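Report on the structure given below.
The values are calculated or read from the model by the stated rules, or taken from the named source; none is laboratory data. Computed from a predicted model, the values in this text were never measured in an experiment. Ideal geometry is used to build each Cβ from the backbone, glycine not excepted, and the neighbour counts take in all protein chains shown.
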């Protein structure tokens, strides 16, 4: 509910239109690049990306300045919180689409290809030798035979790393609320370090998969779901780690105080979200 | 109430900025951004409409006369994409932008800068999409539903379609987050959730649907992208995938999307009918619960779009019964509108005419929907003109009519001038007659077996197609009157609108001057329950 007194409405900003131009340049460039590797699409894509990054710097810069100036009242704070919560919800639904694809494939399409069910002719006419199994690259053996990553090596280690990072960021948050500056900086730095370690191991696992296991993005539907799910998760960890680094610098510069540190909390929420996605990945992609 | 409504707060932006670029490109003002959305939607309505005119011209007679078959497929695909993502959705967001802050007593949207970005992404998204007409191989032609394997066996254009979906999806999600934050966080004190105008309620629920399903569509098209360009096998049976998987993911988005395009329409009609019946809305709370029920059910009915692909029997039965269940909350709404009019002192200004037409014609679309929900019957109707007739009754005489009703209803508040009632009525009567000439015969065509998305057809279908095309041309031309009425009202009309505009209007938006000043409710207004459109629901 609105508080008593005046509302706050921010003044004009050039960043939304610059950001729109940037996103357009990126996407339009990417579409041309995909269709013709030698076209203007490639430079256009990178120019667009640069504009988007420039926008993020500029937009956050002005928001941080206004926040430090004390322009934002508690109502604005609640709007920001709602914005972040619903953004994370939209991300959950995005991952939901890929998890849904994984479950559908395992529950329905692969068994059907193996001849389960009534009145299904694909198995009968096209691939009557195919027996349903998981992992699989399908009756066409798309991408050639491959082996999978054991969950009990690097993935387990990565699970522990991310779980620990959730603990360290919570300790950092408590330190911030208690005004223990040194502890805040140390534990925030630890969180960044754990995030970076996770990414290092994940990259290592990918190289292992490509070089030794013949497990690639092209390895049938197993490769597709494995790399798209872990890949999008890795992308989110990368973004989350960059956000954590930015927040570390903002802590070091003293942008936050005990009561007013929504930027920190938003990134912490995001980090927990990325953590929960990983737990689902570990369970459904690696173990089961 | 709301005596302090227009009293401005002390800051540096009392009035609209003088510089054109600052005002329209860097805006943080919900009214200016709402206007941009509405103008954009009108432009897209005509671009999509001109494609429809070409389609109807080609179908005027059997045989191929005007366009190549492949280009015809591009037209049907692009017509749908432009109308859904360019006309209907942005028009509702524009109406929401303009009216939600005015209706809940907020000074602006909760996140005004993001609001500007939500809008500006749209013209760029449509530049990406429409530019594909000029590619070698032309625009996407596999239908707006993008079913693989067909969609990824075409030319380069699918990448443009996919990135269009991403950019417009980002726009929709940001817009929806903004609307939810505005409604939940910016209401004036005393504007409790169950006192909000129904239009605000329907938008709250619509925004939830948008945030829930736009990312799912983004996921679906991303899988298409990687299947085409990066060698994944999501929709490739040889690799263990399944083309039907795409249909499931797509329609998990697609069915809530249908309600995204109709729930705000329900809200608009629920505002207009009480005003011109001079009675509070009948069954306010039932309307709210019915809207929420429809939204909930929209998540568990998606496979009724896929009855003919070979689903297991249990799935067909479940989705059939779940779909028929939607008739219950929708029926609640229709009966509540009728009951609101019952024994009211009715007058039939243009918004009311469109609203009454909505109730009747949308219900026809609802009935054909129930017919389509029956699995055995749907096997006959699938991919025929019966389906085309069904969703055009819901989207044209439903969603588009509600938008026109809303424009006539609120235009005096936006512009400060009264539109020409005579020309408004001419627009209405020509529209309502021609739209039925256009779409009603398509039911018969479909039942007789004419497939959709074809440029040529059996001579047996010739008569009804010609009638339908004539209706189409008249309906298309009639919309030029609509533009004329709007331009005349905004720039040339002599008759000034009063603050209350309509005799029976109630609600906060009518307490501010006409035209609404650049900034309203800088200080929260005081809510008087008896002045709310739906009456005092506490008793």
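Just to be sure I understand, how many residues within the stretch B:101-129 are more than 30 Å from residue B:534 (Cα to Cα) and either free of Cβ contacts under 8 Å to residues at least 24 places away in the same chain or away from chain A (no Cβ under 12 Å) (or both)? Break it down into steps so the answer makes sense when it comes.
Step one: filter the stretch B:101-129 for residues more than 30 Å from residue B:534 (Cα to Cα), giving B:113-114, B:116-129.
When the remaining residues are screened for being either free of Cβ contacts under 8 Å to residues at least 24 places away in the same chain or away from chain A (no Cβ under 12 Å) (or both), the result is B:127.
Qualifying residue count, the stretch B:101-129: 1.
Take residue B:330 and tell me if it is crowded, with 16+ Cβ neighbours inside 10 Å, touching a helix residue (DSSP H, G or I) at 6+ places or on another chain (Cβ under 7 Å) and more than 20 Å from residue B:395 (Cβ to Cβ). I'd like the intermediate steps shown before the answer.
Values: crowded, with 16+ Cβ neighbours inside 10 Å: yes; touching a helix residue (DSSP H, G or I) at 6+ places or on another chain (Cβ under 7 Å): yes; more than 20 Å from residue B:395 (Cβ to Cβ): no.
It is false that residue B:330 is crowded, with 16+ Cβ neighbours inside 10 Å, touching a helix residue (DSSP H, G or I) at 6+ places or on another chain (Cβ under 7 Å) and more than 20 Å from residue B:395 (Cβ to Cβ).
How about the stretch A:1-116: which helices (runs of 4 or more DSSP H) wholly inside it have at least 3 residues that are closer than 26 Å to residue B:253 by Cα and either at the interface with another protein chain (Cβ under 10 Å from one of its Cβ atoms) or over 24 Å from the mean Cα position of the chain (by Cα) (or both)? Reasoning before the result, please.
Working: elements: A:15-35, A:41-69, A:74-104, A:110-113.
Output list reads A:15-35, A:74-104, A:110-113.
Keeping to the stretch A:97-127, report how many residues are surrounded by fewer than 17 Cβ atoms within 10 Å (Cβ to Cβ) and within 26 Å of residue B:217 (Cα to Cα).
Qualifying residue count for the region: 2.
Buried (at least 20 other Cβ atoms within 10 Å of the Cβ) and either closer than 30 Å to residue A:287 by Cβ or under 22 Å from the mean Cα position of the chain (by Cα) (or both): is that true of residue A:194 in this structure? Can you show your working first?
Values: buried (at least 20 other Cβ atoms within 10 Å of the Cβ): yes; either closer than 30 Å to residue A:287 by Cβ or under 22 Å from the mean Cα position of the chain (by Cα) (or both): yes.
Yes; evaluated as a whole, the condition is true for this residue.
Here is a list of conditions, (1) within 30 Å of residue A:69 (Cα to Cα); (2) free of Cβ contacts under 8 Å to residues at least 40 places away in the same chain; (3) in a helix (DSSP H, G or I); (4) touching a helix residue (DSSP H, G or I) at 6+ places or on another chain (Cβ under 9 Å), and residue A:249 meets all of them except one; can you say which number that is?
(4)
Being surrounded by fewer than 19 Cβ atoms within 10 Å (Cβ to Cβ) and within 30 Å of residue A:111 (Cβ to Cβ), is that true of even one residue in the stretch A:156-178?
Yes, the conditions are met somewhere in the stretch A:156-178.
From A:40, A:45, A:24, grab the single residue that is touching a residue at least 24 places away in the same chain (Cβ under 8 Å), in contact with a helix residue (DSSP H, G or I) (Cβ under 7 Å, 6 or more places away or on another chain) and outside the structural domain of residue A:134 (by TED's automatic domain parsing).
On the way: A:40 fails: touching a residue at least 24 places away in the same chain (Cβ under 8 Å); A:45 fails: touching a residue at least 24 places away in the same chain (Cβ under 8 Å).
On inspection, the qualifying residue turns out to be A:24.
With within 19 Å of residue B:329 (Cβ to Cβ), more than 9 Å from chain A (Cβ to nearest Cβ) and surrounded by fewer than 21 Cβ atoms within 10 Å (Cβ to Cβ) as the only criterion, which of B:300, B:205, B:273 stands out? First the steps, then the outcome.
On the way: B:205 fails: surrounded by fewer than 21 Cβ atoms within 10 Å (Cβ to Cβ); B:273 fails: surrounded by fewer than 21 Cβ atoms within 10 Å (Cβ to Cβ).
When all the criteria are applied, what remains is B:300.
Out of B:14, B:30, report the one residue that is within 14 Å of another protein chain (Cβ to nearest Cβ) and at pLDDT below 95. I'd like the intermediate steps shown before the answer.
Values: B:30 fails: at pLDDT below 95.
Of B:14, B:30, the one residue that is within 14 Å of another protein chain (Cβ to nearest Cβ) and at pLDDT below 95 is B:14.
Output the residues belonging to the stretch B:221-252 that are facing chain A (nearest Cβ under 7 Å) and under 22 Å from the mean Cα position of the chain (by Cα).
B:249
So, in the stretch B:380-432, exactly how many residues are farther than 30 Å from residue B:494 by Cα and out of contact with any helix residue (DSSP H, G or I) (no Cβ under 7 Å at 6 or more places or on another chain)? Give the steps one after another, and end with the answer.
To start, the set of residues in the stretch B:380-432 that are farther than 30 Å from residue B:494 by Cα comprises B:380-399.
Okay, now just the ones that are also out of contact with any helix residue (DSSP H, G or I) (no Cβ under 7 Å at 6 or more places or on another chain), so B:380, B:383, B:391.
Summing the residues that are farther than 30 Å from residue B:494 by Cα and out of contact with any helix residue (DSSP H, G or I) (no Cβ under 7 Å at 6 or more places or on another chain) in the stretch B:380-432 gives 3.
May I ask you to verify whether residue A:235 is assigned by TED's automatic domain parsing to the domain that holds residue A:141, surrounded by fewer than 18 Cβ atoms within 10 Å (Cβ to Cβ) and closer than 20 Å to residue A:92 by Cβ?
Details: assigned by TED's automatic domain parsing to the domain that holds residue A:141: yes; surrounded by fewer than 18 Cβ atoms within 10 Å (Cβ to Cβ): yes; closer than 20 Å to residue A:92 by Cβ: yes.
Taking the combined requirement at face value, the residue satisfies it.
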